[in-house]
1. Exactly one condition in (1) at pLDDT 95 or above; (2) assigned to a helix (DSSP H, G or I) is not met by residue 60; state its number.
2. I'd like to check something: does the stretch 71-90 contain any residue that is under 17 Å from residue 12 (Cβ atoms) and not in a helix (DSSP H, G or I)?
3. Within the stretch 72-95, is even one residue within 15 Å of residue 21 (Cα to Cα) and either in contact (Cβ under 8 Å) with a residue 12 or more places away in the chain or in contact with a helix residue (DSSP H, G or I) (Cβ under 7 Å, 6 or more places away or on another chain) (or both)?
4. Take the conditions within 19 Å of the chain's Cα centre (by Cα) and either modelled with pLDDT of 95 or more or loosely packed, with under 14 Cβ neighbours inside 10 Å (or both) and apply them to residue 157. Does it pass?
5. Which members of the stretch 104-137 meet the condition of being outside any helix (DSSP H, G or I) and either surrounded by 14 or more Cβ atoms within 10 Å (Cβ to Cβ) or over 22 Å from the mean Cα position of the chain (by Cα) (or both)?
6. Among the numbered criteria (1) surrounded by 14 or more Cβ atoms within 10 Å (Cβ to Cβ); (2) at pLDDT 90 or above; (3) part of a loop (DSSP other than H, G, I, E, B), which one does residue 101 miss?
7. Please go through (1) modelled with pLDDT of 95 or more; (2) surrounded by 13 or more Cβ atoms within 10 Å (Cβ to Cβ) for residue 89 and return the number of the only condition it doesn't satisfy.
């Protein structure tokens, strides 16, 4: 796993949690969409089963989301630790804006007063520096693969 792939995991985990929250909202809406009058009628057991099905799915998904949020917070702390070791303030800021704040390249360039191409060059320098710190600190991902050690046969550039 390259340093860029490692840093990007926060973004993908965040997107995954967002999608799961939307599914949770859908399950809750479906569970609440059955009118109360229909719930009280005789022969409405199938309808009641349907409601309890969505309630159970929502509860299970809520547990999963909470686990994912805890995982995301741990990952964010690890990413922040690596980024904070980048001593050049510009490079540090680019990494934080991209991988913690999840900002688009155009927004980062505008906020920092640089062109996108210059931001991309600085980003490359920042990745090299962060990769060196990760390699020196022996940062290991959940699969036991050394970050920035070319685990997947790719370089970290």
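The values are calculated or read from the model by the stated rules, or taken from the named source; none is laboratory data. Everything numeric here is computed off the predicted structure, so don't read it as measured data. Positions of Cβ are backbone-derived with ideal geometry, glycine not excepted, and every protein chain shown enters the neighbour counts.
1. Just one mismatch for residue 60, condition (1).
2. Looking through the stretch 71-90, none of the residues is under 17 Å from residue 12 (Cβ atoms) and not in a helix (DSSP H, G or I).
3. Going residue by residue through the stretch 72-95, those that are within 15 Å of residue 21 (Cα to Cα) are 72.
Still in the list and also either in contact (Cβ under 8 Å) with a residue 12 or more places away in the chain or in contact with a helix residue (DSSP H, G or I) (Cβ under 7 Å, 6 or more places away or on another chain) (or both): 72.
Yes: the stretch 72-95 contains one or more residues that are within 15 Å of residue 21 (Cα to Cα) and either in contact (Cβ under 8 Å) with a residue 12 or more places away in the chain or in contact with a helix residue (DSSP H, G or I) (Cβ under 7 Å, 6 or more places away or on another chain) (or both).
4. On the way: within 19 Å of the chain's Cα centre (by Cα): no; either modelled with pLDDT of 95 or more or loosely packed, with under 14 Cβ neighbours inside 10 Å (or both): yes.
Taking the combined requirement at face value, the residue does not satisfy it.
5. 113, 114, 115, 137
6. The single condition residue 101 does not satisfy is (1).
7. (2)
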